[in-house]
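What follows is a short report on a single structure.
The values are calculated or read from the model by the stated rules, or taken from the named source; none is laboratory data. Fair warning: this is a prediction, and the values are worked out from it, not measured in the lab. For neighbour counting, all protein chains shown are included, and Cβ atoms are generated from backbone atoms with ideal geometry for every residue, glycine included.
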Amino acid sequence: MSDEMTSMERVLAALSFKEPDRVPLFHMLTIYGAKESHVSIKEYFSKPELVANAQLSMQQKYKHDCLYPFYYAALELEAWGSESIYFDNAPPNSGRPIIDDFGDVLSLEAPDVLESSGMGMVLETTRILKEHAGEDIPIVGVVMSPFSLPVMQMGFGEYLDLIYGEPDIFSELMKVNKKFSVQWANLQVQAGATVICYFDPVSSSTIIPPELYRKTGFKVAQKTISEIKAPVATHMASGRCLPIIDDIAETGSAVVCTSVLEDLAEVKSACAGKMSVLGNLNGIEMIRWTQQDAESKVKDAIEKAAKGGGYIMSDNHGEIPYQVSEDVLLSISNSVRKFGKYL
Amino acid sequence: MVLYTTLSSQFKQYLLSLNKVAAKRLIQDEFTGDNAFQLIQQIMMPALENIGKEWEVGSIALSQEYMASNICEEIVNSILPPESPKRRDMPVLGVATLGDQHMLGKQIVASCLKASGFSIFDYGAIPVDELATNVVKDAIEVLLVSTLMLNFAYEVKSLRNCFNETGISTNIIVGGAPFLFDDELWKQVGADAMALDATEALSKVYELTGVVE
């Protein structure tokens, strides 16, 4: 009988601040599945079975510890009436914003997730993954935070103008977005997601100052996360989180993903006993890594964050770029298995 | 000069607290009708540069740089209108995203350049071929490219190839998240320089054009 834990046991131990058999690894593979399946990204995301099969085969191949039914961020905006723009080797983008004028917010209503065909496909992928993985492998669902969704709804600059200049309209938009995000998150939980990754890059200290976060994104996160019926990981999508670590812990997040711009040891220390840490391999630089680079980066991260559990290794953006080589991903996996063992 | 240093520090505080009224008043009080560039170079730009440096080390957020650049652009327009003949003496600059619909970085760079007294051509997200045609037509000396998405960062390589094939000597300065996370990428795609933030982009413009700040 093998002493090796299942991925679920490994992750749960780590999240309980205990040392599992080895450091858990999340390869956040989205569009990479299209490359592995030898189909275009557009075709890939049109067939829930294809995404599920790719997730399962990539998990076998790279021996990492999660399944990731997330398609792409712009999919959420499709439910609001936007169209996505596809590329050959990058995640689809949202097309024309749905809010042209701040006044549009006052008549905005949250769409019913169940009426969105794209989101229905994500739910179907999640159900297939759950059937295959059972309780052995965590399934990571994703929701854009109500606070970060407006970047796609109206454009980044316009949204910053709204936050700073129109607090009442901002509050209205948050109410509508929260309703949508909570429904979307809980439908994924019903379909089999074990944990919800709450993508909230606008809250990161890279984008807004901590004092503004405490008045805005923090309060939105606290209310939203309290209604999500699964553990939540807050993800800043490469943004900094250290200046607001204690606040993030107070939102109810069990995990936070830190940026490669921050010192992993420092973040781990700041999170001690409060949250587990996810991160922080550099996905962009990973494109030109050699296998030796990958091994060295993995060893460094383990040295900084593995002790005492509470750490899951991953890239810092929540998405492995299409251009990263298979050899580098395998090297990361092999290095975690080699150097990430707890004694 | 000492006075301007103190004023610049005060101006920066007004920018960070989004006190547009006080920031504008500070500049208007110093404006004599023919010292716009002096006020830009000695009060406003040092304040913006300081904010940019603090963003690079993570002590200031992007939203603060965005709001500060916007306020400065508005103030500069009041003392040096866009149609001012004085702006025509500056190198001709363009900004673009090469198809990337994420415009925030470009907006901040454009505001910062305008706040420095440059006239700029904003090409938005037009694709490489169309951009190259416009760059020639408008006699652009330096093109500043901002991208958020990695695939559009790689488009700089297509742009450089297009420039090389058609004999366009325009310099390319790149910036944005992909270049921030991989400090070798700008060389890989054939750019002439990389800037971590808008004010560094401005310094690179001065370096590449030989214009004295």
>> On the basis of being farther than 13 Å from B:V145 by Cβ and without any contact (Cβ under 8 Å) to a residue 12 or more places away in the chain, does B:E83 make the cut?
In response: yes
>> Between A:T206, A:T224, A:T216, which is under 26 Å from A:E158 (Cβ atoms) and away from chain B (no Cβ under 14 Å)?
In response: A:T224
> Does B:A132 satisfy the condition of being buried (at least 19 other Cβ atoms within 10 Å of the Cβ), in a helix (DSSP H, G or I) and within 14 Å of chain A (Cβ to nearest Cβ)?
Replying inline: no
>> Any residue that is touching a residue at least 12 places away in the same chain (Cβ under 8 Å), touching a Ser or Thr at 6+ places or on another chain (Cβ under 7 Å), within 14 Å of chain B (Cβ to nearest Cβ) and over 26 Å from A:E4 (Cα atoms) - is there at least one of those in region A:318-326?
In response: yes
> Would region B:182-200 turn up any residue that is of a type in the set (A, V, I, L, M, F, W, C) and on the phi > 0 side of the Ramachandran plot?
Replying inline: no
> When you look at A:D88, is it loosely packed, with under 15 Cβ neighbours inside 10 Å and more than 18 Å from the chain's Cα centre (by Cα), yes or no?
Replying inline: yes
>> Any residue that is touching a residue at least 40 places away in the same chain (Cβ under 8 Å), under 20 Å from A:I196 (Cα atoms), in contact with a helix residue (DSSP H, G or I) (Cβ under 8 Å, 6 or more places away or on another chain) and not in a helix (DSSP H, G or I) - is there at least one of those in region A:125-136?
In response: yes
> Inside region A:71-83, can you point out the residues that are buried (at least 19 other Cβ atoms within 10 Å of the Cβ) and either within 11 Å of another protein chain (Cβ to nearest Cβ) or at positive phi (or both)?
Replying inline: A:A74
> Which one is farthest from A:G165 (Cα to Cα) among residues in region B:20-40 that are in contact with a Phe, Trp or Tyr (Cβ under 9 Å, 6 or more places away or on another chain) and of a type in the set (A, V, I, L, M)?
Replying inline: B:L39
>> Based on this model, can you work out whether A:K61 counts as touching a Phe, Trp or Tyr at 6+ places or on another chain (Cβ under 6 Å), of a type in the set (D, E, K, R), outside any loop (DSSP other than H, G, I, E, B) and modelled with pLDDT of 95 or more?
In response: no
> Which residues, taken from region A:87-116, are away from chain B (no Cβ under 14 Å), not charged (D, E, K, R) and not in a loop (DSSP other than H, G, I, E, B)?
Replying inline: A:F102, A:G103, A:V105, A:L106, A:S107, A:V113, A:L114
>> Checking the conditions here, which among B:I75, B:I51, B:I43, B:I120 is away from chain A (no Cβ under 11 Å), touching a Phe, Trp or Tyr at 6+ places or on another chain (Cβ under 8 Å) and under 20 Å from B:A198 (Cα atoms)?
In response: B:I43
> Residues that are modelled with pLDDT of 95 or more and of a type in the set (D, E): which helices (runs of 4 or more DSSP H) entirely in region A:193-303 hold 2 or more of them?
Replying inline: A:245-250
> Residue check, B:A96 against (1) among the small types (G, A, S); (2) more than 14 Å from chain A (Cβ to nearest Cβ); (3) farther than 30 Å from A:L281 by Cα, all met but one. Which one?
Replying inline: (3)
>> Given the options A:E131, A:E172, name the one that is surrounded by fewer than 19 Cβ atoms within 10 Å (Cβ to Cβ) and farther than 23 Å from A:I225 by Cα.
In response: A:E131
> Among A:G141, A:G165, A:G157, which is the only one that is within 14 Å of another protein chain (Cβ to nearest Cβ), under 25 Å from A:E319 (Cβ atoms) and either touching a residue at least 12 places away in the same chain (Cβ under 8 Å) or surrounded by fewer than 22 Cβ atoms within 10 Å (Cβ to Cβ) (or both)?
Replying inline: A:G157
